[in-house]
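> One structure coming up, written as structure tokens, with questions to follow.
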Amino acid sequence: MRRQINLKILLFLLLVTEATAQAPRVVSLVAEAGEQHLAVSARLAHLFSPKIVNTIRSGMPAVIRLDFRLVAEPDREVQRLTRALHLSYDLWNERYHLRFDHREQLVMSFAELEKICSAFEEQQFLPLDRLSSQPTYRLRLQITVIPISAKQDQQFRDWLENSGATEESAPGEERASGFRLNLSKLLSFFLGKKDQPFGVSEWAMSPPFRLGEAR
Amino acid sequence: MKRLRTKFILIFILLTLLPALPVAYLVRYFVERSLGIALQKPMTEGLTSALDLLSLQMNAERQKLVAQLHNFIRNLDATELTKWNWNKYEPITVALVDSSGETLQSWPKLAAINFEKSVLQNLLPGDSLVNVGSDSVTMRLALRLPQRMQPAAWLVAEQNFSEKLQHHAHTIINAAQTRQYLDLKEFELRRGMLLAFLAVYAPMLLFSLGMGWYFARRITSPLAELARGVQQLAAGRWEHRVTVRSQDEIGQLGTAFNQMVGDLRRQQEQVIALEKMAAWREIARVLAHEIKNPLTPMQLMVRQIQDEYPGTDEAYRQTLRECCRIIDEEIEKLRQLVREFSDFARMPELHPAPGQFNELATEVAKLYSQRPVELQLDPALPQCNFDWDAMRRVLINLIENAMQASATATITLRTFHSPNEIAIAVEDTGPGIPSENLSRIFEPYFSTKKSGIGLGLAIVKRIVEEHGGTISVQSEVGRGSRFICKFSDALTIADLNKNTMGGFYVT
């Protein structure tokens with residue numbers, strides 16, 4: 001019994017280790033106060049696991065969501081900002097499409113796409129006039145990779161439900177009593193929430209900075 | 001009992017769970033298999049190859065279009081643009097555009113190609129090929145024209161993929177996307193299937209639990225009631241009966257229990273009555289013995305006193321004679337009392353013989369010529385075995401009781417029978433018996449009469465019971481009484497002999 005428990009713990013640790021190894025990671029995060037705006041640069045890693053690469057290459061759009069928290073020392077959240085990178089592969093023109101904040105970009109290779117996505121830079125991240133110059137700030141970042149959008153997910157759920165209703169004349173579909181049990185709908189109900197992230201990074205924190213120093 | 005119920009419920013749970021375990025194993029196995037088949041490496045490689053093939057096929061179609069475009073450009077070199085025979089390339093829509101992406105001329109005329117102008121880069125050398133917004137139905141290509149073609153800078157062409165290719169592309173891409181979806185949602189699918197299984201199974205388990213509890217309760221409740229009944233019985237509460245709610249085996253058990261308690265109570269009452277009677281008889285025997293022995297010497301002594309008086313005082317002699325007479329009478333009364341005690345204590349052995357109650361009743365009625373006794377006799381009364389003298393005494397006792405109760409009451413002797421019983425009754429229209437005395441009138445030494453010692457009805461009861469019968473009384477104050485002696489016709493001579501007491505049976 002004890003050995004079984006130990007094996008289970010080991011298996012769990014292996015799974016956790018594997019999951020951690022494949023999770024996206026913020027390698028570095030730097031926030032600098034410029035003339036009028038806060039500039040942010042971040043280096044990201046492990047954004048695309050093989051499963052996500054294959055998903056994007058099959059033509060399904062993916063989203064990389066960047067959640068920022070601006071925190072005044074010691075731990076007071078001042079502002080929340082979210083940025084989203086929308087990625088898709090154009091199967092017919094064999095190129096990758098990248099959309100970020102109404103800016104669009106076409107790249108011809110996945111390596112190029114990965115390079116662009118891994119280096120996030122925004123000079124006008126946040127207007128400084130909204131912030132007080134007194135406290136010391138830190139910026140936090142968490143990355144979430146969402147390979148299947150809510151819309152796509154709904155399409156697949158519909159497909160699951162319809163395939164159950166049309167292709168399977170399984171027992172329980174239609175009863176003489178009028179009781180109808182759609183097992184596919186039941187399965188779809190238990191599939192979990194839509195827009196589910198596939199990989200979420202740990203929260204990363206920038207070095208502290210003060211606005212007054214740069215002004 | 002609760003433990004028995006718990007056992008039943010546990011058995012029901014086990015009966016529900018045990019078939020579910022292999023089913024759950026099979027479900028899990030098939031889920032793993034089906035997902036495994038969908039996600040296995042050959043399937044993935046097959047889909048990747050299909051996508052590659054699709055890409056190759058599309059490239060082949062693209063190359064065909066490019067070849068036609070080159071051909072078009074060659075022809076464009078040789079002839080005037082306006083004279084170009086575009087019908088030759090009818091499935092293709094082509095347009096000449098300038099470096100800013102504006103259309104200069106198109107074939108067929110006025111045809112508009114919806115292409116992406118942003119991808120046209122004028123720095124590219126001649127013959128460069130650019131994809132300008134193909135989709136699943138149409139391919140759109142732009143070919144960089146040589147400098148001599150100015151102001152035309154690009155030749156843009158649009159052609160639909162073949163329908164077959166469109167269909168294949170749609171199918172392959174759908175399959176690839178579905179596979180990717182399954183791959184990404186593998187864990188959730190497994191969990192979803194497990195939860196769906198539980199969602200279907202849990203109500204069944206709950207239902208089974210409910211049924212288990214219901215049936216366990218249904219089975220154990222009567223048993224619990226029986227157990228309570230036995231406890232009540234042990235505590236001496238003989239009136240307790242269990243409620244019988246069904247006619248099944250458990251219901252039959254309850255009925256049998258109730259019947260058994262009733263029989264036990266009757267037997268217990270009989271035992272008590274017999275014990276009481278035996279005690280009274282013992283007392284009667286001792287009394288009779290102790291009183292009877294000195295009576296004769298006392299009587300002789302009294303006579304001797306009277307006879308041997310030597311005096312001549314006639315008055316004294318007269319007084320002495322009177323006193324001796326009274327003493328003699330009292331001794332006689334004591335002797336009568338002793339005789340009754342003896343009769344009660346030492347009942348003669350019964351000698352049953354075939355006879356007719358009607359004849360007995362007629363004979364007894366004849367004894368009372370001064371005060372006639374009415375007869376209501378059942379002409380179809382069967383013959384039976386009984387001790388003639390003992391039963392004669394029963395009837396005489398009952399009739400005399402009735403006569404003593406009232407000097408004017410009408411007394412009736414009645415016989416009747418039912419399929420299982422024969423009966424003889426003595427009825428009177430006398431003052432009746434108060435209800436508080438009804439339960440005691442058959443007890444020895446209980447009497448409401450000043451002269452009686454209360455053994456008459458006790459002797460009657462004993463004779464009837466020794467015949468295997470029962471005696472009961474119905475009475476209403478002011479209206480009269482009815483004593484009914486009932487005898488079962490089930491007794492046989494063998495039974496009578498075995499019991500060494502009297503009995504009746506129908507002959």
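The values are calculated or read from the model by the stated rules, or taken from the named source; none is laboratory data. Please read all numbers here as calculations on a predicted model, not as lab measurements. Using ideal geometry, Cβ is built from the backbone for each residue, glycine included, and neighbour counts are taken over all protein chains shown. Quick note on the areas: whole protein, heavy atoms, side chains included, nothing else; ligands and nucleic acids left out. Shrake-Rupley method; radii C 1.70, N 1.55, O 1.52, S 1.80 Å.
Conditions (1) at pLDDT below 85; (2) of a type in the set (Phe, Trp, Tyr); (3) open to solvent by 60 Å² or more (accessible area, probe 1.4 Å), marked per residue:
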| site | (1), (2), (3) |
| --- | --- |
| B:54 | no, no, no |
| B:64 | no, no, yes |
| B:73 | yes, no, no |
| B:82 | yes, no, yes |
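> Taking region B:122-143 as the region of interest, how many residues are facing chain A (nearest Cβ under 9 Å) and of a type in the set (S, T, N, Q)?
Of the residues in that region, 4 qualify.
> Which of the helices (runs of 4 or more DSSP H) found entirely inside region B:385-467 contain at least 1 residues meeting this: open to solvent by 40 Å² or more (accessible area, probe 1.4 Å) and among the small types (Gly, Ala, Ser)?
Passing ranges, in order: B:388-405, B:435-438.
> Restricting the search to region A:52-72, which residues are within 14 Å of chain B (Cβ to nearest Cβ) and either touching a Gly at 6+ places or on another chain (Cβ under 6 Å) or among the small types (Gly, Ala, Ser) (or both)?
Answer for region A:52-72, where residues must be within 14 Å of chain B (Cβ to nearest Cβ) and either touching a Gly at 6+ places or on another chain (Cβ under 6 Å) or among the small types (Gly, Ala, Ser) (or both): A:58, A:59, A:62.
> Now a separate question. Would you check which residues across region B:146-159 are more than 14 Å from chain A (Cβ to nearest Cβ) and either modelled with pLDDT under 80 or open to solvent by 10 Å² or more (accessible area, probe 1.4 Å) (or both) and list them?
B:146, B:147, B:148, B:149, B:150, B:151, B:152
> Looking at region B:171-186 only, could you name the residues that are more than 7 Å from chain A (Cβ to nearest Cβ) and hydrophobic (A, V, I, L, M, F, W, C)?
B:172, B:175, B:182
> In region B:446-458, is there at least one residue being in contact with a Ser or Thr (Cβ under 6 Å, 6 or more places away or on another chain) and over 21 Å from residue B:273 (Cβ atoms)?
No - not one qualifying residue is present in region B:446-458.
> Has region A:109-123 got at least one residue that is within 13 Å of chain B (Cβ to nearest Cβ) and among the small types (Gly, Ala, Ser)?
Checked region A:109-123: no residue is within 13 Å of chain B (Cβ to nearest Cβ) and among the small types (Gly, Ala, Ser).
> So, one more: Give me the pairs: first residue in region B:380-397 and over 13 Å from residue B:415 (Cβ atoms), second residue open to solvent by 10 Å² or more (accessible area, probe 1.4 Å), beta-carbon distance under 6 Å, and six or more apart or on different chains, which are they?
Sorted first by the residue in region B:380-397, then by its partner, the pairs are B:385/B:352; B:385/B:354; B:385/B:505; B:387/B:350; B:387/B:351; B:387/B:352; B:390/B:350; B:397/B:456.
> Looking at residue B:310 and the list (1) in contact (Cβ under 8 Å) with a residue 60 or more places away in the chain; (2) not in a helix (DSSP H, G or I), which single condition is not satisfied?
(1)
> Can you name every residue in region B:198-232 that is open to solvent by 50 Å² or more (accessible area, probe 1.4 Å) and within 12 Å of chain A (Cβ to nearest Cβ)?
B:198, B:200, B:203 - these are the residues of region B:198-232 that are open to solvent by 50 Å² or more (accessible area, probe 1.4 Å) and within 12 Å of chain A (Cβ to nearest Cβ).
> I would also like to ask the following. Step by step: first the residues of region A:134-145, then only those that are at pLDDT 85 or above and open to solvent by 10 Å² or more (accessible area, probe 1.4 Å), then the one that is nearest to the chain's Cα centre (by Cα). Which residue is that?
My answer is A:142.
> Something else about it: For region B:365-384, give me the residue count where each residue is of a type in the set (D, E, K, R) and in a strand (DSSP E or B).
The number of residues fulfilling the criteria is 1.
> Filter region A:73-106 down to the residues that are under 21 Å from the mean Cα position of the chain (by Cα), within 11 Å of chain B (Cβ to nearest Cβ) and among the charged types (D, E, K, R), then identify the one that is farthest from residue B:173 (Cα to Cα).
A:104
> For region A:40-133, which fully contained strands (runs of 3 or more DSSP E) count at least 1 residues that are within 30 Å of residue B:120 (Cα to Cα), without any contact (Cβ under 8 Å) to a residue 24 or more places away in the chain and open to solvent by 20 Å² or more (accessible area, probe 1.4 Å)?
The qualifying strands (runs of 3 or more DSSP E) are A:76-90, A:95-100, A:103-107.
> Tell me the strands (runs of 3 or more DSSP E) entirely within region B:120-166 that contain at least 3 residues that are within 18 Å of residue B:71 (Cβ to Cβ).
By residue number, B:138-144, B:154-160.
> Based on this model, can you work out whether residue B:119 counts as open to solvent by less than 30 Å² (accessible area, probe 1.4 Å) and among the hydrophobic types (A, V, I, L, M, F, W, C)?
yes
Okay, residues lined up against (1) at pLDDT 85 or above; (2) over 26 Å from residue B:338 (Cβ atoms):
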site: B:427; (1), (2): yes, yes
site: B:439; (1), (2): no, yes
site: B:443; (1), (2): no, no
site: B:464; (1), (2): yes, no
